[in-house]
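Here is the structure we will look at.
The values are calculated or read from the model by the stated rules, or taken from the named source; none is laboratory data. Everything quoted here is computed from the prediction, not taken from an experiment. No Cβ is skipped: glycine too gets one built from the backbone with ideal geometry, and neighbour counts run over all protein chains shown. Note: areas computed on protein heavy atoms with side chains; ligands, DNA, RNA excluded. Shrake-Rupley method; radii C 1.70, N 1.55, O 1.52, S 1.80 Å.
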Amino acid sequence: MDDYIFRQHIKECEAVEEKTTFLQIMNYSDPVHNVCEEHALSDDDFENFLNRRGVFSPPEIKEEVKFLNGIRLIVQKDACHNDTFAPRHVSLKPEAYESMVRFKGHTTRLEMNLFVFYEEALLTAIGQTWHLPFGAIESSSLVGPFFWCSHDHDETDRHLQIIFRKSDVRKKGKTRGWEIMLSYSYKTGITTGFVKGTESSNMATLLEQLVACRAEVVHPLLLPIIILSHDLSSKNDMKQREGRHWLRRLENAITLRNEIDEKEVYPVFDVDVINRDLVECHSQVLWKRPQAYKEIVQDINEAMSKFINQVPAERKTKALEALHGSMLARLDFYRAKLTGMEHYIHTTLERLHIQRQALYNIMAQKESKLNLEIASQQRRLAHATKRDGTAMKTLSLLGAVFLPGTFMASVFSMTFFDFNVGPNYGDPSDSSGEGSQVSNQLWLYFAVTIPLTLVILLAWYFIDRRRERKYAEEDQDIEKGITTMEKDILAIMRKKTINKAATWNSGGATVAAANRDRLRAMKEPNVDAFEMD
């Protein structure tokens, strides 16, 4: 089953090219014969290195000199391809990767039986595999720290297989991480494997530490613990200390807690800056979560037990037992360290949560005060509108009272009507002087007035319709503008929240000045403070 699944995955993988070297450390009972070399490895020499052929053949040594232990690695310590840690990508040719894991060549039953007794002699002839774990090809899509260890099922030559890797998603278009695949032979005492890491993993430095500890390569978990020690270096502790100090600056800005130097005070209480720094501080505190590494430490501890319980008695020397105990003690140290860091981080996160809630309360208070101010202004505006409405109502009432009389006076004052008809002005037979007369041309008034009124009404109607269409278009533009404004506001908020330009080293005024500004801002809500650029 493992062979079939491995074949399926290797077919789906795409190969990328990386610079490849080899590292070989061999220890003998006579230190004169010890080997420690690292050179470039070409495609032509790849199979020769795997099977120790040609220039990689075991050296001829005296019979009294015994081989003790060793490690043989294929190394890609400065992997730089953008997809080198992408899912379904391998940095070796598929056939080369397969030759490290699967058995190459055809071996008869007689050869397999002879191998038990004449391993060194048949190693080259048979072309043995490195017994690297099949499952490594399936872990290419994993992220975060991952450790796995188990024995293979070859009863004739038992191997302890190890996978230890950590990768992450792309950053600025490039994948990053490191991985090691190891296989330890209990018969030969040789650890073989494949090691790869990007520049950010400092794999070159880790291999230098391995070379410096070359006398201790008898233990197959030496390299994993070196990598673990690098991942749990004091840099993590410094990150947490910086995060706690950053938290105290935020506490001073939000809740006026005075535990920092005056030079580190925020110069102004800017909600955008404070909110962004809360997010950045939270992200920094969550860097390299201790719970994940505690599980890694536990898994490595179990792998240590698997190794020491299976190692043959002739290889279980006092030096190995001392090294094993030292490594166990280091793992226990990391466990205690991670436990303390876990509690420390928990306290920091809780305090960050409190400050975030306090900031939200301050923003809610300012928003409430701003709303009250807006409501007060709207109330004053409503009263002014009411007063104007009352005045207009009075004018309308006066107009309703006097307009009919004014209209009638205007009509009867026209020359079409004559109320002074008498002997001096009209018919001589009329001697009363109190008569009246209506002109026969009165129809002209209506002939002119009615069409003119209709023209004015039609002009007003068309102007009003045009104005209504204009208002409708403006309403549509406003709706579109509101949608665009919402998108712009979200983009600005995201930019201000995720922007990495932190204010960690920003200088500021004194604590008293900052507190005065803060109190003044709380008492006098400023509308501009809530507008985004």
Exercise. Check ARG244 against each of (1) more than 24 Å from the chain's Cα centre (by Cα); (2) not in a loop (DSSP other than H, G, I, E, B) and name the one condition it does not meet.
Key: (1)
Quiz prompt | Residue selected from the stretch 48-64 under the condition within 20 Å of THR191 (Cα to Cα) and not in a helix (DSSP H, G or I), by the criterion least open to solvent (accessible area, probe 1.4 Å) | solution = ARG52
Exercise. Determine whether LEU68 is in contact with a Leu (Cβ under 6 Å, 6 or more places away or on another chain), hydrophobic (A, V, I, L, M, F, W, C), under 19 Å from SER183 (Cα atoms) and not in a helix (DSSP H, G or I).
Key: no
Quiz item: Can you tell me how many residues in the stretch 137-190 are assigned to a helix (DSSP H, G or I) and surrounded by fewer than 19 Cβ atoms within 10 Å (Cβ to Cβ)?
Solution: 2
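A quick yes/no check of all residues on (1) touching a residue at least 60 places away in the same chain (Cβ under 8 Å); (2) touching a Pro at 6+ places or on another chain (Cβ under 8 Å); (3) surrounded by 14 or more Cβ atoms within 10 Å (Cβ to Cβ):
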| residue | (1), (2), (3) |
| --- | --- |
| PRO312 | yes, no, no |
| ALA322 | no, no, no |
| GLY325 | no, no, no |
| LEU338 | yes, yes, yes |
| LEU352 | yes, no, yes |
| ALA358 | yes, no, yes |
| ILE362 | yes, no, yes |
| GLN378 | no, no, no |
Quiz item: In the stretch 231-267, which residue that is surrounded by 15 or more Cβ atoms within 10 Å (Cβ to Cβ) and aliphatic (A, V, I, L, M) is nearest to LEU338 (Cα to Cα)?
Solution: LEU232
Quiz item: Based on what the data block shows, is TYR97 open to solvent by less than 40 Å² (accessible area, probe 1.4 Å), hydroxyl-bearing (Ser, Thr, Tyr) and not in a loop (DSSP other than H, G, I, E, B)?
Solution: yes
Quiz item: Looking only at the stretch 139-163, which residues are modelled with pLDDT of 85 or more and among the acidic types (Asp, Glu)?
Solution: ASP152
Quiz item: Are any residues in the stretch 202-213 open to solvent by 10 Å² or more (accessible area, probe 1.4 Å) and either closer than 19 Å to HIS81 by Cβ or at pLDDT below 90 (or both), and if so, which ones?
Solution: ASN202, ALA204
